[in-house]
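Asker: The structure under discussion is supplied below as structure tokens; questions concerning it will follow.
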Amino acid sequence: MKQNEIMKMLYDVQHPAKGDKNIVELGMVEKVECEDGKVTVTLAFSRHRDPLAEYLIGSTKAAIIRHAPGTEVEVKTIIRDEAKKKPAGLDLGFDEISKVRHIIGVASGKGGVGKSTVAVNLAVALARLGYKVGLADADVYGPSVPKMTGTENDQPQAFLEGEKEVIMPLEKYGVKWMSIGYFAKPEQALIWRGPMACNALKQMILQVRWGELDFLLIDMPPGTGDIHISLVHDIPLTGAVIVTTPQAVALADVEKGVNMFRNESIRKPIFGLVENMAWFTPEELPENRYYIFGKDGGREMADRYGIPLLGQIPIVQSIRESGDGGEPAALSDRPDGLAFIDLAGKLAEAVKPFDGKSE
Ligand code: ADP
């Protein structure tokens, strides 16, 4: 094989954090060598322990083997001297999450299914069960944690520790909260969707002094785009929970979410599906269930993908009202509050086999 043929194969290797540009156009391919049928590729990174290094090494090998099956491939890495100096204060190391036992992504294929409502209530319910819990609201399209927890007028403290900027989470209802909403006004939220969104989100997770936690939930942005892939690559998630509603269209989106976590390069366990708005129950007739979005769509989807159905949450006026009022439903002993407590118990149970196995 000639070097330029191999170079062409490497055009297939896209960098998920760089707008999916490939490693050749990004100038990361330092050297390609071919000797006795063995191919050695040297990739240049601009920093030590680049969280995407392993992924890019794997993708490089896979790209060559896909085009030329049976080839022996070795990928070496170097750190370029001219590595860009990182902006002051930015430190995306894993120190601040080193005492977090489990990081769990709360995801949904599309917006409006109640992902944030479920994430916030799960956090409160886990805390009520005695776990140490934090929640990072990374939903760039509508950070809702400040409103749902009644902390929209609070401002997290940030300070410099040596060269590193550390952000203190807010604490309320026994949970540590962080949200991009504390830093950007809703009308500024657009800027969070550009290329800077990724780093800002990671900073909001990795530079926060979480301390010792059993669970750190990440309220992920809805959908399965670039930001998500980069987030799930760079944050050492234990696994994920997927929220859906029973409507067919929401369920089709679930498939994308499931595929994202099961993707070869990500391979994170999905602890379960949460079917939100599973039925409507009027406040005054708590025994009545109206399946306005169809019945058991979530259960069917869970079965199809071999994922446990962790819980079904009804549409109840009080869930919306408590969300809007900053006092999550999971604080109450009403049936809707207890539904979240039950869900939290099931999640804790599902994560147990992964104790001590987090990256
Ligand atoms: P997402 O995060 O998926 O965009 P949200 O959690 O922001 O969705 O929920 C969208 C709206 O639906 C909010 O007004 C919320 O209060 C409401 N909502 C979510 N789940 C329920 C529920 N089970 N019962 C009643 N209202 C709900």
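Asker: Please verify whether SER318 is farther than 29 Å from PRO51 by Cα and of a type in the set (S, T, N, Q), treating the condition exactly as stated.
Answerer: The answer is yes for SER318.
Asker: Also: Quick one: which helices (runs of 4 or more DSSP H) lie wholly within region 240-359 and hold at least 3 residues that are surrounded by fewer than 19 Cβ atoms within 10 Å (Cβ to Cβ) and within 15 Å of the ligand (Cβ to nearest atom)?
Answerer: The helices (runs of 4 or more DSSP H) meeting that bar are 317-324, 335-351.
Asker: Could you tell me which residue of region 112-146 is farthest from the ligand (Cβ to nearest atom), considering only residues that are out of contact with any strand residue (DSSP E or B) (no Cβ under 6 Å at 6 or more places or on another chain) and open to solvent by 10 Å² or more (accessible area, probe 1.4 Å)?
Answerer: GLY130
Asker: Quick check on region 147-168. Is at least one of its residues surrounded by fewer than 23 Cβ atoms within 10 Å (Cβ to Cβ) and within 12 Å of the ligand (Cβ to nearest atom)? Before the answer, list the steps.
Answerer: Filtering region 147-168 down to residues surrounded by fewer than 23 Cβ atoms within 10 Å (Cβ to Cβ) leaves 147, 150-168.
From the residues that got through so far, the ones that are within 12 Å of the ligand (Cβ to nearest atom) too are 147.
Within region 147-168, one or more residues are surrounded by fewer than 23 Cβ atoms within 10 Å (Cβ to Cβ) and within 12 Å of the ligand (Cβ to nearest atom).
Asker: Enumerate the pairs (first residue in region 119-141 and assigned to a loop (DSSP other than H, G, I, E, B); second residue anywhere and among the acidic types (Asp, Glu) and within 16 Å of the ligand (Cβ to nearest atom)) with beta-carbon separation below 9 Å, excluding pairs fewer than 6 apart on the same chain, so at least 6 apart or on different chains.
Answerer: Once the first residue is assigned to a loop (DSSP other than H, G, I, E, B) and sits in region 119-141, its partners that are among the acidic types (Asp, Glu) and within 16 Å of the ligand (Cβ to nearest atom) give ALA138/ASP219; ASP139/ASP219.
Asker: Checking the condition modelled with pLDDT of 90 or more, touching a strand residue (DSSP E or B) at 6+ places or on another chain (Cβ under 7 Å), of a type in the set (A, V, I, L, M) and more than 30 Å from GLY294 (Cβ to Cβ), which residue from VAL208, VAL241, VAL258, VAL166 passes?
Answerer: Working: VAL241 fails: more than 30 Å from GLY294 (Cβ to Cβ); VAL258 fails: more than 30 Å from GLY294 (Cβ to Cβ); VAL166 fails: modelled with pLDDT of 90 or more.
Being modelled with pLDDT of 90 or more, touching a strand residue (DSSP E or B) at 6+ places or on another chain (Cβ under 7 Å), of a type in the set (A, V, I, L, M) and more than 30 Å from GLY294 (Cβ to Cβ) holds for just one of VAL208, VAL241, VAL258, VAL166, which is VAL208.
The values are calculated or read from the model by the stated rules, or taken from the named source; none is laboratory data. Note that the structure is a prediction, hence the values are computed from the model and not measured. Positions of Cβ are generated from backbone atoms using ideal geometry, with glycine treated the same way; all protein chains shown enter the neighbour counts. With ligands, DNA and RNA removed, areas are computed over all heavy atoms of the protein, side chains included. Shrake-Rupley method; radii C 1.70, N 1.55, O 1.52, S 1.80 Å.
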